[in-house]
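Have a look at the structure below, then the notes.
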Amino acid sequence: MQVKVIFLGTGTSQGIPVIGCKCATCTSEDLRDKRFRTSCLVIIDDVYILIDTSPDLRMQMLVNKIPRIDAIIFTHEHNDHTAGLDDVRPYNFMQKSHIPAFGEARIISDIERRFSYIFDHDPYPGAPRINLYEINEDDPFYIKNVEIVPIRVIHGSLPILGFRFGDFAYLTDVKTLPQQSMEKLGGVQHLVLNALRYEEHYSHINVNEAIDIAQALDAKKTYFTHMSHKVPKHEIFGTQLPEGIFPAYDGLVLEI
Ligand SMILES: [Zn+2]
Ligand SMILES: [Zn+2]
Ligand SMILES: [Zn+2]
């Protein structure tokens, strides 16, 4: 299985820079400190799978020159993970087809409510064309021939999903991972995990909690995402993390 991962966005819900902020991270000129809202493209055996539709989707697709989207999978319904759904329209036009999108029942209802114009019985001609499919935490599902294993993640009090693709797993907006999920992640070699900042947060793990999870899972390499401007500048942050753990940045590509 050939896995290629493109980090489309590695910032928390406000992105970096934060509007109006003059902190060292927000004013950094290092392009790795400019972070779109969290999203990722996983390409497996030439199947293009988009994880979440961030509010920055249009720019993410332009900057990274993404030629197609075969499917979308949603971790959860928060605005920073769904607001860009309308911008998949050019792919509908290019691919001349609906795009399948997968999420838990609660996420599907939320998407249908937020984007009701897409799912009207007679949508206007320019509306995005999306087919929604329900998934659940217990059953692996397939996109073409790619098997995806949902992993239960607890985000504050909200149960959401992460995803495992062979040796690679993508988890964002984690606050706690149930024991059963830790077991489902056993043997993962490459891991993406959120790490908001050093201070604690009620619905996101902080940097030290993320390090603990990464070390417990013992992946060969772990990449942090969903970072706030309260993490140090990329260049400095990287030196503060243990061996095998790295801050991701927008545009980073992993070939696994
Ligand atoms: Zn700032
Ligand atoms: Zn969230
Ligand atoms: Zn989020």
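Quick check, is Tyr124 more than 21 Å from Gly166 (Cβ to Cβ) and not in a helix (DSSP H, G or I)?
Values: more than 21 Å from Gly166 (Cβ to Cβ): yes; not in a helix (DSSP H, G or I): yes.
It is true that Tyr124 is more than 21 Å from Gly166 (Cβ to Cβ) and not in a helix (DSSP H, G or I).
Please determine, by comparing only the residues of the range 173-188 that are of a type outside the set (Gly, Ala, Ser) and assigned to a loop (DSSP other than H, G, I, E, B), which one is farthest from Leu158 (Cα to Cα). Lay out the reasoning, then the answer.
Restricting attention to the range 173-188, the residues satisfying the condition of being of a type outside the set (Gly, Ala, Ser) are 173-180, 182-185, 188.
Filter once more, so that each one left must be assigned to a loop (DSSP other than H, G, I, E, B): 173-175, 177-178, 185, 188.
Details: Asp173: 10, Val174: 10, Lys175: 10, Leu177: 12, Pro178: 13, Leu185: 20, Val188: 24 Å.
Here the residue is Val188.
For the range 191-217, name all the residues that are among the charged types (D, E, K, R), loosely packed, with under 14 Cβ neighbours inside 10 Å and away from ligand 1 (no atom under 16 Å from the Cβ). Write out each step before concluding.
Restricting attention to the range 191-217, the residues satisfying the condition of being among the charged types (D, E, K, R) are 197, 199-200, 209, 212.
Then keep just the ones that are loosely packed, with under 14 Cβ neighbours inside 10 Å; that gives 199-200, 212.
Glu200, Asp212, listed by residue number.
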- Taking the stated definitions as given, is Asp139 touching a residue at least 40 places away in the same chain (Cβ under 8 Å) and surrounded by fewer than 17 Cβ atoms within 10 Å (Cβ to Cβ)? no
Listed by first then second residue, the pairs whose first member lies in the range 210-237 and is closer than 16 Å to Gly11 by Cβ, whose partner is part of a helix (DSSP H, G or I) and among the β-branched types (Val, Ile, Thr), with beta carbons under 8 Å and at least 6 positions apart or on separate chains, are Phe224/Val207; Val231/Val207
Selection from the range 28-62 of residues within 21 Å of Glu255 (Cα to Cα), hydroxyl-bearing (Ser, Thr, Tyr) and in contact (Cβ under 8 Å) with a residue 60 or more places away in the chain yields Thr38
Of (1) in contact (Cβ under 8 Å) with a residue 24 or more places away in the chain; (2) of a type in the set (Gly, Ala, Ser); (3) more than 16 Å from ligand 3 (Cβ to nearest atom), Ser116 satisfies every one except (1)
Condition set in contact with a strand residue (DSSP E or B) (Cβ under 8 Å, 6 or more places away or on another chain) and over 10 Å from Lys175 (Cβ atoms), scope the range 197-211, selection farthest from ligand 3 (Cβ to nearest atom): answer is Ile211
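Scan the range 145-181 residue by residue and report those that are small (Gly, Ala, Ser), within 16 Å of ligand 2 (Cβ to nearest atom) and at negative phi. Walk me through how you get there before you give the answer.
Step one: list which residues in the range 145-181 are small (Gly, Ala, Ser), which gives 156-157, 162, 166, 169, 181.
Checking which are within 16 Å of ligand 2 (Cβ to nearest atom) leaves us with 156-157, 162.
Selection gives Ser157, Gly162.
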Of the residues in the range 144-172, those that are open to solvent by 10 Å² or more (accessible area, probe 1.4 Å), in a strand (DSSP E or B) and away from ligand 3 (no atom under 15 Å from the Cβ) come to Glu147, Val149, Arg152, Arg164
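Would you mind finding the one in Phe237, Phe224 that is in a helix (DSSP H, G or I) and open to solvent by less than 20 Å² (accessible area, probe 1.4 Å)? Write out each step before concluding.
Values: Phe224 fails: in a helix (DSSP H, G or I).
Every option except Phe237 fails the conditions.
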Residue under question is Glu243, and the condition is that it be surrounded by fewer than 14 Cβ atoms within 10 Å (Cβ to Cβ) and under 24 Å from Asp46 (Cα atoms); does it hold? no
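Right, Arg129: open to solvent by 20 Å² or more (accessible area, probe 1.4 Å), under 17 Å from Asn79 (Cα atoms), in contact (Cβ under 8 Å) with a residue 12 or more places away in the chain and of a type in the set (Lys, Arg) or not?
Working: open to solvent by 20 Å² or more (accessible area, probe 1.4 Å): yes; under 17 Å from Asn79 (Cα atoms): no; in contact (Cβ under 8 Å) with a residue 12 or more places away in the chain: yes; of a type in the set (Lys, Arg): yes.
The answer is no for Arg129.
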Expected output for the range 1-27 (first residue over 30 Å from Gly166 (Cα atoms) and within 16 Å of ligand 3 (Cβ to nearest atom), partner among the aromatic types (Phe, Trp, Tyr) and in a strand (DSSP E or B), Cβ below 6 Å, 6+ apart or cross-chain) is none
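The values are calculated or read from the model by the stated rules, or taken from the named source; none is laboratory data. It should be emphasised that the depicted structure is a prediction, and the values quoted were computed from it without experimental measurement. Every residue, glycine as well, gets a Cβ built from its backbone with ideal geometry; the counts of neighbours run over all protein chains shown. Protein only, heavy atoms only, side chains kept; ligands, DNA and RNA dropped before computing areas. Shrake-Rupley method; radii C 1.70, N 1.55, O 1.52, S 1.80 Å.
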